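The structure appears below as structure tokens.
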């Protein structure tokens, strides 16, 4: 099992998601929940493709935290 940080951002018309550790692996959705679900599927598909191509699966190196000001 792999664990990757995802970033979800609100746009003018929907939500978009990406993982800093998986370049070019992105997803969108009408809601935050849908974007997260779609990103989960995109990551699974991305990893499956890396395995099929005998490419290494990147190590998760990203983290996040909140800052109160």
Check: Full extension from residue 2 to residue 65: what is 0.36 nm times the residue separation minus their Cα-Cα distance, to one decimal in nm?
Finding: 20.7 nm
Note to self: Using helices alone, I'd like the mean residue ellipticity at 222 nm for the chain: each DSSP H run of four-plus residues gives -39500 (n - 2.57), total over residue count, nearest 500.
What the structure shows: -10500 deg cm²/dmol
Check: Can you give the extra length, in nm with one decimal, that the chain gains between residue 31 and residue 55 once fully stretched, where that is 0.36 nm per residue apart less the Cα-Cα distance?
Finding: 5.4 nm
Next item on the list: From the C-alpha gyration tensor of the range 4-69, pull out the three semi-axes of the equivalent ellipsoid (sqrt of 5λ each), sorted largest to smallest, in whole Å.
Entry: 23, 16, 8
Next item on the list: State, to one decimal in nm, how far the label point of residue 11 lies from the label point of residue 24, with both points 7 Å from Cα in the Cβ direction.
Entry: 1.9 nm
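Values quoted throughout were computed directly from the atomic coordinates according to the rules given, and no laboratory measurement underlies them. All figures in this text were calculated on a predicted structure; none of them were measured in a lab. Note: ideal-geometry Cβ built from the backbone for every residue, glycine included; neighbour counts use all protein chains shown.
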